[in-house]
Amino acid sequence: MRPLTATLGVLALAGGLLGVSLCGCADPGGLKVSGPAQSPSVTSGPVFVAQAGPKPRLRRPESFDIGKDVTLTGLRWRTWGGPTAEATGEVAGARCAPACRDKPVKAEITFTGLVRHDRVGYYSRATVSARGLPPEQREELRDLRLLVPQG
């Protein structure tokens, strides 16, 4: 019986020392932090959509070309600058031909995939939903890549 009593005594002593050491570290006044706060990472700033070539970047564009195949016109933006940007307008171009090659079709446009470089953001994806198009042509406009300038 003596080894069991000794073992229990050692365990009780170890538990008591652990409790004292943990409680001894607490300051009754609470945690105190000093020094300047770290700057938060930049998550705000202007958001643009980039065009190909030497054309300027745009904010809330009234019209926008996605490559050579898709032209968006008459854009009216409901949202801009957050994770998504949503607009109504019209779509035309070879990507939805023949239904909208020469005559624009009403559409809802969503830009997503916000990518930030320093203090500027760019949308990297577009979805164009045009109900007036046949299903296979609507599918062509579901996930379009937008140009994003590098750093």
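Each value in this text was obtained by applying a stated rule to the coordinates, not by laboratory testing. The shown structure was predicted, so the numbers you read here are calculated from the model rather than taken from an experiment. Positions of Cβ are generated from backbone atoms using ideal geometry, with glycine treated the same way; all protein chains shown enter the neighbour counts.
Please work out how much length the chain gains when fully extended from GLN150 to ARG60, using 0.36 nm per residue of separation minus the C-alpha to C-alpha distance, in nm with one decimal. The partial results should precede the final answer.
Values: separation 90, 0.36 × 90 = 32.40 nm, distance 2.08 nm.
Stretched out fully, the GLN150 to ARG60 stretch lengthens by 30.3 nm.
Model label sites at THR84 and THR110, defined 7 Å from Cα along the beta-carbon direction, differ in position by 0.3 nm. Scaled to the globular estimate 2.2 N^0.38 Å, the Cα spread of segment 67-151, given as radius of gyration, is 1.11. Which FRET efficiency value, to the nearest 0.05, do you get for LYS68 and ARG142 by plugging their Cβ-Cβ distance into 1/(1 + (r/R0)^6) with R0 = 22 Å? Efficiency for this residue pair is about 0.75.
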